[in-house]
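Below is one structure, written out as structure tokens; the observations come after it.
The values are calculated or read from the model by the stated rules, or taken from the named source; none is laboratory data. Quantities reported herein were computed from a predicted structural model and do not represent experimental measurements. Virtual Cβ from ideal backbone geometry, glycine too; neighbours counted across all protein chains shown.
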Amino acid sequence: MSNDVQAIDNLAQKFHDLRAEIGKVIIGQEEVVKTVILSMFSNGHSLLVGVPGLAKTLLISTIAEVLDLDFKRIQFTPDLMPTDITGSEVMDDNRQFKFNKGPLFANIVLADEINRTPPKTQAALLEAMQEKSVTVAGERHMLPKPFFVLATQNPIEQEGTYPLPEAQLDRFMFNIPLDYPSYQEEIEVVKATTAANEVSLNTILTGNQISEFQQLIRKIPIADNVLEYAVSITARTRPNSSMATDQVNEFISWGAGPRASQYLVLGAKTHAAVNGKYSPDKEDVQAIANYVLRHRIVRNYKAEAQGITEEKVIANLL
């Protein structure tokens, strides 16, 4: 156990170093940076939702750089085919078929504007997220480890988009909203991005170290009452069930599935570890609940008419 205690202390220190290093390039957005790193340490994927120009792409490429991971960006468009992202079989000079790897074969894949591409291509990406492999011409090809998909979605332009179905949204551990920077932060951003200074970033973690942290987090013990608290939050989001609250029955048409409970527990363990705690408590569950649940509950028309957001429902559950 003393080794694990030392390892958790090390994880907390590395997390602190990561945030400081990313902060050299990314001004503000501290909560977003923190949550993306939490999802990586938990071995989960994240969906970042925000209007254009909030440095979503820069944020993800910066994280890849300080993590010494292979990074690929895929710009999703309406004409993108599944083989454009997974790769395809091609005939070489010796008339033999060989597999040409697509951009999914990287440690961090930025799926930019995932809602711009048709369901067929979305499905290929989501299969890769779930199985950590791709199947082309009947052959299964394993993706590198660690493997993270960080997808972005633009919430305002809905014309010509293919919204992700709930079952596919469920594959993302976190749904992270990005907001405009504060006035002061925007001044800092504009100063930094319109001058000639180059920022050099140091590598803080390797892929192997991240894999070790992921295994460490699964070994962290969690008290029964905290685990039951996490599961009860998920159970209370399901309308017309024995544990549903009045507000849920009135405003929610679908609640969260068991994957939400798993991610609440994993996320709470990771949140505890990066804060130097050796076991999560209810505060750790509450800290990540919004990100885990906001894309897993579906409001009905009554909620939309009355301006009841997912966040209000989740705050009431906590």
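No other residue among Thr77, Thr62 is surrounded by 15 or more Cβ atoms within 10 Å (Cβ to Cβ), among the hydroxyl-bearing types (Ser, Thr, Tyr) and on the phi < 0 side of the Ramachandran plot apart from Thr62. Against the criterion of being surrounded by fewer than 18 Cβ atoms within 10 Å (Cβ to Cβ) and touching a Leu at 6+ places or on another chain (Cβ under 7 Å), Lys132 qualifies. In the set (1) farther than 11 Å from Leu317 by Cβ; (2) touching a residue at least 12 places away in the same chain (Cβ under 8 Å), the condition left unmet by Gln262 is number (2).
Give region 215-251 a look and list any residue that's in contact (Cβ under 8 Å) with a residue 60 or more places away in the chain, over 21 Å from Arg294 (Cβ atoms) and either surrounded by fewer than 18 Cβ atoms within 10 Å (Cβ to Cβ) or among the hydroxyl-bearing types (Ser, Thr, Tyr) (or both), or say none. Scanning region 215-251 gives a single hit, Lys219. Is there a residue being outside the structural domain of Leu47 (by TED's automatic domain parsing), in contact with a Ser or Thr (Cβ under 6 Å, 6 or more places away or on another chain) and not in a helix (DSSP H, G or I) anywhere in region 246-255? For region 246-255, residues outside the structural domain of Leu47 (by TED's automatic domain parsing), in contact with a Ser or Thr (Cβ under 6 Å, 6 or more places away or on another chain) and not in a helix (DSSP H, G or I): present.
Among residues that are farther than 21 Å from Ile37 by Cβ, modelled with pLDDT under 90, small (Gly, Ala, Ser) and surrounded by 19 or more Cβ atoms within 10 Å (Cβ to Cβ), Gly307 is not included.
When region 170-222 is filtered for residues that are of a type outside the set (A, V, I, L, M, F, W, C), part of a loop (DSSP other than H, G, I, E, B), closer than 25 Å to Val285 by Cα and touching a Leu at 6+ places or on another chain (Cβ under 9 Å), the ones remaining, listed by number, are Arg171, Asp179.
Counting only strands (runs of 3 or more DSSP E) wholly contained in region 1-101, the ones carrying 1 or more residues that are in the same structural domain as His141 (by TED's automatic domain parsing) and closer than 25 Å to Ala289 by Cα occupy 46-49.
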